[in-house]
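What follows is calculated from the coordinates using simple rules that are stated; it is not laboratory data. None of the values given here were measured: they were computed from a predicted structure. Cβ: placed from backbone, ideal geometry, glycine included. Neighbour counts: every protein chain shown.
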Amino acid sequence: MGKWIKEFEVYDCQNETVVYITSSNLEKIPKFINCAELKELSLSGNKITKIEGLEDLKKLKKLSLPNNKITKLENLEDLKKLKELYLSGNQITKLENLDNLKKLKILYLSGNQITKIENLKSLKKLKELYLSDNEITKLENLDNLKKLKILSLSGNPLKYISNKNIYQRQAWFVEYFDKLETDDILK
């Protein structure tokens, strides 16, 4: 089992593959040492404000940072093996800086403050996208996500759909389509 070297600043993974440090009032992500084999990291329920210090976690496949105080998607470019990213319940306002996450299959961003679906073109392997309880008003910029099977948008003030092929993608699970305008999709 891993241990703290310097309380809440340096964590020694001792070559573990899974580390959970939850509800510990962390205000920043600690420096991780001896974590070359780390595949899953959960830092949920803390007070982390910035994603940083993860560049050495080259084998990381699952990163969980829900219920923190993160405001921006950043410093994820070195996590090239990442398949699952959980950032629900933060204060993120924009979808950005995800271009290098080419293996990403699951993206959870529910309960944030995102206003627009954008910058997802490079996520060609994405199968599940959870954006419920944000501030999204338009369903757009999803055409390149050919493998997308689940799209969750409940609790958004959706008013408009611009993706003409959404009705042809029957595998999508799309919630909350009340009073939407469309680009003459149904004609």
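What's the extension gain from GLU140 to TYR20 if we count 0.36 nm per residue and subtract their Cα-Cα distance?
Extra length available between GLU140 and TYR20 comes to 39.7 nm.
With a/c under 1.5 counting as rounded, go ahead and sort the range 41-106 into rounded, prolate or oblate using the C-alpha gyration tensor (a ≥ b ≥ c being the square roots of the eigenvalues; past the cut-off, prolate if a/b is larger than b/c, else oblate).
prolate
So how do 126-134, 22-30 stack up, highest first, on mean other-Cβ count within 10 Å?
With the highest mean Cβ count within 10 Å placed first, the list reads 126-134, 22-30.
Taking the Cβ of ASN144 as the center, what net charge do the other residues with Cβ under 9 Å away carry, scoring Lys and Arg +1 and Asp and Glu -1?
+2
Compute the signed sum of charges (Lys and Arg +1, Asp and Glu -1) over the other residues within less than 10 Å, Cβ to Cβ, of THR71.
Charge balance in the 10 Å sphere: +3.
At 7 Å along Cα-to-Cβ for each site, give me the label-to-label distance between GLU9 and LYS102 in nm.
Between GLU9 and LYS102, the simple spin-label model gives 3.8 nm.
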